């Protein structure tokens with residue numbers, strides 16, 4: 001079943017982008033108007049985040065979000081067979097040389113990412129890095145084993161390394177022992193587990209628990225921290241600017257890195273709100 005499903009995805013991914021975006025437009029009608037996928041979650045999130053906007057204003061963001069969400073789905077499918085040259089043409093990575101220079105200091109780098117624009121295409125970062133210093137994608141394992149295998153097959157096809165979150169510290173320990181360095185990508189805008197809510201920030205007009213594990217790792221290992229600022233230029237084209245959050249984490253105050261990250265993310269969302277993942281139950285432990 002796994003090979004059959006993966007084969008079908010690869011077959012669909014061979015379609016040109018203009019056909020895939022046609023399918024995306026059709027899917028939008030199904031997902032938004034017929035299925036109403038998580039529409040209540042999206043509307044609640046937007047209403048709490050933008051109380052100053054009119055209902056019509058939030059509706060514009062909502063519809064644009066669902067259009068982008070469907071595009072993201074088919075762009076992720078395209079990832080199964082997209083060529084190296086094509087993905088680097090569509091995802092321009094800026095300032096990566098400043099990250100590589102940390103390798104000369106014997107330091108790995110943490111890249112804080114978010115569910116914004118097309119975060120799935122960050123798996124192409126590995127193409128810009130030295131082959132012996134790969135991009136480590138930290139992820140939470142999916143409950144469906146077949147989906148898990150398919151997603152990881154796609155995300156690692158350009159040589160990046162997938163590390164399940166439970167294996168992060170053992171992996172870092174091994175890297176330190178063997179003297180290896182790399183870029184460690186961590187999506188940091190999820191809601192932390194209820195027992196892991198150690199820090200709260202005012203984010204999008206709401207009292208919000210924020211993940212602090214990324215900062216903990218940075219300070220423990222003294223890894224410089226950068227933010228993946230992904231911008232959608234136009235349909236199917238993105239830029240990713242690697243912004244320094246902190247190059248000397250051991251010298252920072254407690255939660256300083258976390259707060260800087262959340263402020264950058266908030267500014268990104270306020271500038272182009274439709275490109276964040278509004279269907280995620282981000283405030284599930286504080287608004288219910």
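Things to note:
- Once you reduce region 84-112 and region 37-65 to the center of their Cα atoms, the two points are 34 Å from each other.
- Three-way shape label, region 1-151, alpha-carbon gyration tensor, a/c 1.5: oblate
- 222 nm mean residue ellipticity, helices alone, for the chain (DSSP H n ≥ 4; -39,500 (n - 2.57); rounded to 500): -13000 deg cm²/dmol
- Based on C-alpha pairs under 8 angstrom that are at least 6 apart in sequence, region 2-275 has a relative contact order of 22 percent.
- Remark: region 54-107 projects, on average over all directions, an area of 6.6 nm² (convex hull of Cα atoms).
- Scaling the Cα radius of gyration of region 137-288 by the globular reference 2.2 N^0.38 Å produces a ratio of 1.11.
- Working note: Debye formula, equal point scatterers on the alpha-carbon atoms of the chain, no solvent; log10 I(q)/I(0) at q = 0.10 Å⁻¹ is -0.55.
- Peptide packing: for 226-238, 55-67, the average count of neighbouring Cβ atoms within 10 Å per residue gives the ranking 226-238, 55-67, highest mean first.
- On full extension, the segment bounded by residue 169 and residue 107 gains 20.7 nm, given 0.36 nm per residue less the C-alpha separation.
- Candidates 100, 30, 110: whichever shows maximal mean-square fluctuation once the chain is modelled as a Gaussian network with Cα springs under 10 Å: 30
- Residues of region 56-88 falling in the label zone of residue 39, defined by backbone nitrogen less than 14 Å from a point 7 Å along Cα to beta-carbon, are 59-60, 62-64, 66-67.
- Region 149-173 versus region 222-271: alpha-carbon centroid distance in Å: 22 Å
- Between residue 15 and residue 54, the simple label model (points 7 Å from Cα in the Cβ direction) yields a spacing of 3.7 nm.
- Shape of region 185-263, Cα gyration tensor, a/c cut at 1.5: oblate
Each reported figure results from applying straightforward, stated rules to the coordinates on display, with no laboratory input. For clarity, every value in this text was computed on a predicted model and none was experimentally measured. Note that we place each Cβ from the backbone using ideal geometry, even for glycine, and neighbour counts take in every protein chain shown.
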